[in-house]
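See structure below.
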Amino acid sequence: MKPILVVGASVGGATAANTLALAGLPVIMLERDLSWVKPCGGALPPKAFEEFDLPQSLISRRVYKTTIYSPSNRRTEIDVVGLEEGDHDYVAMACREDLDPFLRARAVANGAELIEGQLLDLSVQSDGVEVTYRAKGEREKQTMKVEVVIGADGAYSTTAKALGLERLPRCIAIQERIRLPEDKMARWQETADLYLGHDVSPDLYAWVFPKSDHVAVGCGAGPGNTAEARRLLANLKQRIAPELAGGEVFLEEAHALPMHPREHIAFERAMLIGDAAGLVVGTSGEGIYWAMKSGKQAALTLIDVLPDVSEKALRQYEKIWWKEYRTMYRFLQWLQKWGYGNERQMEVFTDMCRNKDVQQLTFESYMHKRMTRVPWVAQMRMTGDILAAQVRHYLRPRTKRMSS
Ligand SMILES: Cc1cc2nc3c(=O)[nH]c(=O)nc-3n(C[C@H](O)[C@H](O)[C@H](O)COP(=O)(O)OP(=O)(O)OC[C@H]3O[C@@H](n4cnc5c(N)ncnc54)[C@H](O)[C@@H]3O)c2cc1C
């Protein structure tokens, strides 16, 4: 059998390659740049560590509380707990410069081959996929023939482009990594902050995510360009200036974040996973877990259907994915539009997050990745609180923006 090619050896690609290698299949990872660190806040649910067998040493900091600031700077503090308190009630903060190399090395140790090179084009043929790429540091293009291609090459996916698919709608997310003096760092020992407001993030939210020795300060910046994203980040830094005083920026990073999943993610001899498939979820912008999960699911489907690599066979992956997650994606997309649509709604969203049932359900589904049936009493309480917040914010004059 010809090898299976995974394009992109980041969180999604390395997980797919590892799953295939463990099954004894020949697999090649093609990664454009092994020294590149994917711009990312690095927030991960504890479930990811269990499900993908990740060592706890990859956790740079555990966050037990989160504070949401509305556009007018009203605060809602939330404990990171699910429906029942447990040992796994936290958000794990990881650094991509640690996580990605770990996943790649593990896939290689289990038998995957790693080539540092860039996919340029591919052509699906009846007896395989002809892949054109350029190895890093080489001038000449090279070709190889593979059985199937798994596109794990992110939001600007060359694989998707070569398959003739449309560009996904996306926003730019930007962040700075800042080393703070010890007394300032103490503020973020166990807490991550989220900031709402169109001046800091038109479509998502802005954040401060703490790591062991620095904070990542960033914003999901709407479908603009990097210059626009920089302006929003400057607004955020001004909003929280006293808390960042004396900090030293050691990295500025920005990248696209897909805003909508693709309906079709499997084709004849090709599958898309993670950001290449647009599988970031709305409202939170969470993408690492979903890239790993889709990478594993695509690989398991392939193991199951080989040697049949027809579109019909590979669409099993798509069917399983959408059966399991369509409702979640739709709900979170709707919630993002409803909650972040304008600044009054952001105020309502902040108030909604004060409801204990909303807090527990949010973290239950985030931490454990399971949907829970909501008891009707809780449903009534949530609906009552949301309606009250909605009425309150639309009846009273707009709250003035305040500095923190
Ligand atoms: C600023 C920012 C903050 C974020 N914060 C979080 C967060 O806190 N938590 C969270 O869960 N998600 C977060 N995300 C989203 C998360 O980073 C992505 O969803 C996740 O990395 C997707 O993984 P992936 O494997 O699909 O693709 P990527 O991680 O984007 O990796 C794609 C890989 O493909 C390679 N590649 C690209 N083109 C080619 C080519 N032509 N040939 C060969 N290789 C190629 C790239 O070099 C890269 O290694 C954030 C995103 C951004 C931009």
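A count restricted to segment 1-46 and to residues that are over 23 Å from residue 215 (Cα atoms) and part of a helix (DSSP H, G or I) stands at 11.
Quick one: in segment 1-18, which of the residues that are modelled with pLDDT of 95 or more and surrounded by fewer than 24 Cβ atoms within 10 Å (Cβ to Cβ) is nearest to residue 293 (Cα to Cα)?
Selected residue: 3.
Looking at (1) within 26 Å of residue 53 (Cβ to Cβ); (2) outside the structural domain of residue 273 (by TED's automatic domain parsing), find the lone condition where residue 316 falls short. That leaves (2) as the condition not met.
When segment 166-198 is filtered for residues that are in a loop (DSSP other than H, G, I, E, B) and open to solvent by 50 Å² or more (accessible area, probe 1.4 Å), the ones remaining, listed by number, are 166, 167, 169, 189, 190, 198. Which residues, counting only those in segment 256-279, are near the ligand (Cβ under 7 Å from one of its atoms), open to solvent by 10 Å² or more (accessible area, probe 1.4 Å) and modelled with pLDDT of 95 or more? Correct list: 275 only. You will find that of 153, 98, the residue that is within 9 Å of the ligand (Cβ to nearest atom), acidic (Asp, Glu), open to solvent by 20 Å² or more (accessible area, probe 1.4 Å) and closer than 24 Å to residue 49 by Cα is 153 and no other.
Considering only segment 373-383, I want to know if a residue exists there that is assigned by TED's automatic domain parsing to the domain that holds residue 270 and either over 25 Å from residue 150 (Cβ atoms) or within 16 Å of the ligand (Cβ to nearest atom) (or both). Among the residues of segment 373-383, not one is assigned by TED's automatic domain parsing to the domain that holds residue 270 and either over 25 Å from residue 150 (Cβ atoms) or within 16 Å of the ligand (Cβ to nearest atom) (or both), which makes the answer no. Right, residue 203: of a type in the set (Asp, Glu) and surrounded by fewer than 19 Cβ atoms within 10 Å (Cβ to Cβ) or not? No: the conditions fail for residue 203.
In this entry, residue 104 passes the filter for residues that are buried (at least 18 other Cβ atoms within 10 Å of the Cβ), more than 17 Å from residue 212 (Cβ to Cβ) and basic (Lys, Arg).
The values are calculated or read from the model by the stated rules, or taken from the named source; none is laboratory data. It should be emphasised that the depicted structure is a prediction, and the values quoted were computed from it without experimental measurement. Because the Cβ atoms are built from the backbone with ideal geometry, glycine has one as well, and the counts that use them run over all protein chains shown. Protein only, heavy atoms only, side chains kept; ligands, DNA and RNA dropped before computing areas. Shrake-Rupley method; radii C 1.70, N 1.55, O 1.52, S 1.80 Å.
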